[in-house]
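Before any comments, here is the structure.
The values are calculated or read from the model by the stated rules, or taken from the named source; none is laboratory data. Quantities reported herein were computed from a predicted structural model and do not represent experimental measurements. Here the Cβ positions follow ideal geometry from the backbone for every residue, glycine too, while neighbour counts run over all protein chains shown. With ligands, DNA and RNA removed, areas are computed over all heavy atoms of the protein, side chains included. Shrake-Rupley method; radii C 1.70, N 1.55, O 1.52, S 1.80 Å.
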Amino acid sequence: MMHRRQLLARVLLGCAALGAHGVLCTGVAVAQDRAIRLQVPFATGGGTDILARILAPRLSERLGQPVVVENRAGAGGAIGARYTAQAAPDGLTLMIGSISEIGINPSVSPKIGYDVWRDFVAIAPLAITPMVLVAHPSVPAATPKEVIALANARPGQINYGSAGAGSGAHMGAELFRYITRVDIAHVPYKGTGAAVADLAGGQVQLVFTTLPSVIGLVKGGRLKPIAVATAQRVPALPEVPTFAESGVPDYLMDYWYGLFGQAALPRDIQARLQGALREVMRMPDVMASMDRAGLIPMGGTPEEFTAFVKRDMDRWAAVVKAANIKVD
């Protein structure tokens, strides 16, 4: 009995000490010897993975417990999302969610095994980045109009890689196909990193992807940038024109990221994570790393982010229906 009383006293003293430092003592979610597993629903090398690895070390410092990045790729992000949705709502399994598995996948893959608003809560907005069309240097086209002309001259022979069927990269290409009516062939991978590696090696000719996943290869001259899908040119690649400048004014697509947890995640755990993320996102080294990668921090409250996600899901549902896009 005395042993149990002593143990309880130590636990209470520990909670009091943690509370004094702004850390909540809420069940297993704040057990200092248990790691938070930050799910990335794609393989290494893509924008989601890059963002997760920028944030994880600093988030670990602010929370006072390990934050481990876990890549769980497949099905355009659906495998990692499904895993996160089914995990215990204790704050130890979270996900860097994106336009792929949250915004688009539910509209193109009815059998993904999760419902965004039944299974998830949007904890905090993180970042946006432009989509960019890049080509292997051997491709005889340097502008969107030249890509369209090349595809029309060789229908079905120009191929593009993506992070997987139903991913944001895949849908970015499908949107381009729908707007321009070109016939280009899809080569799906289990992540952006693999698609970009094959692009650099000449196995595929084009990739529609996020800026962080290719910015180093573009600046190093190993990939040829064609255009960015933003309204204005991006500071990270100011020499690369927009699609609008290049004669495809309707092609606009930002890729967004946020932190997601299970719908039943307690509010105090959400608040703790939100507070830590606000501090992390203001850190000069984090801001510099994001800027170098072509990631732009997103502002706003969790409620504003939730509304943004719902609007984007509705927009993509309309695009998918109009273009009759289906993924088995």
Return only the number of the condition from (1) within 25 Å of residue 190 (Cα to Cα); (2) out of contact with any Ser or Thr (no Cβ under 9 Å at 6 or more places or on another chain) that residue 140 does not satisfy.
(1)
Scan region 286-309 residue by residue and report those that are without any contact (Cβ under 8 Å) to a residue 40 or more places away in the chain and either farther than 16 Å from residue 212 by Cβ or among the hydroxyl-bearing types (Ser, Thr, Tyr) (or both).
301, 303, 307
Subset of region 157-198 (residues that are over 21 Å from residue 144 (Cα atoms) and of a type in the set (Phe, Trp, Tyr)):
189
Quick check on region 138-157. Is at least one of its residues of a type in the set (S, T, N, Q), part of a loop (DSSP other than H, G, I, E, B), open to solvent by less than 10 Å² (accessible area, probe 1.4 Å) and touching a residue at least 12 places away in the same chain (Cβ under 8 Å)?
no
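Are there any helices (runs of 4 or more DSSP H) wholly within region 65-124 with 3 or more residues that are at pLDDT 95 or above and surrounded by 23 or more Cβ atoms within 10 Å (Cβ to Cβ), and if so which? Quick ask: steps written out before the conclusion?
Values: elements: 78-86, 105-108, 116-119.
Answer list for region 65-124: 78-86.
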Only one of these conditions is not met by residue 288: (1) surrounded by fewer than 14 Cβ atoms within 10 Å (Cβ to Cβ); (2) at pLDDT below 95. Which number is it?
(2)
Subset of region 206-218, residues surrounded by fewer than 23 Cβ atoms within 10 Å (Cβ to Cβ) and either modelled with pLDDT of 95 or more or in a loop (DSSP other than H, G, I, E, B) (or both), comes to 217, 218
Scan of region 174-191 for residues that are open to solvent by less than 20 Å² (accessible area, probe 1.4 Å) and touching a strand residue (DSSP E or B) at 6+ places or on another chain (Cβ under 6 Å), ordered by number:
184
Residues of region 162-199 satisfying the condition of being part of a helix (DSSP H, G or I), β-branched (Val, Ile, Thr) and modelled with pLDDT of 90 or more
179, 180, 196
Tally of residues being outside any strand (DSSP E or B) and surrounded by 14 or more Cβ atoms within 10 Å (Cβ to Cβ) across region 297-316
10
